[in-house]
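Please read the structure below before turning to the comments.
The values are calculated or read from the model by the stated rules, or taken from the named source; none is laboratory data. Computed from a prediction, not measured in an experiment: that's the story for all the values here. Cβ atoms come from the backbone with ideal geometry, glycine included; neighbour counts cover every protein chain shown. With ligands, DNA and RNA removed, areas are computed over all heavy atoms of the protein, side chains included. Shrake-Rupley method; radii C 1.70, N 1.55, O 1.52, S 1.80 Å.
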Amino acid sequence: MIYFAHCVKDYDTEIEQRAVEALSQFDSVENPNQEHHQKNYNVKRMKYFLEDVIPACTQLAYLPIEGNRITCGVVAEIKKAISTGMLVYRIDR
């Protein structure tokens, strides 16, 4: 399963939809932009994704924001993935 790390400002946008469709060609996608994830995030904050969601995945793909910058939340998710030996991919905008 591929965890799709991206900034909340890209939630519910065309680029998010295109990225999920592209990633789905390779494996199932765990998109944090889902209601059940938001409920758990409201309780545990980023720890939820770092401790519960990402470790259950086998790969991580991230989408930088405009200007090819990476937000601190996505950086934390990338670091977690790397620390577990997970393959990490960058998605170009």
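Restricted to the chain, the set of strands (runs of 3 or more DSSP E) holding at least 3 residues that are open to solvent by less than 80 Å² (accessible area, probe 1.4 Å) comprises 2-6, 59-63.
Among the residues making up segment 10-32, those that are in contact (Cβ under 8 Å) with a residue 24 or more places away in the chain and either under 21 Å from L87 (Cα atoms) or under 13 Å from the mean Cα position of the chain (by Cα) (or both) are D10, E16, A19, A22, L23, F26, D27, S28, V29, E30, N31, P32. The residue list C57, C7 contains one member that is touching a Pro at 6+ places or on another chain (Cβ under 9 Å) and at pLDDT 95 or above, which is C7.
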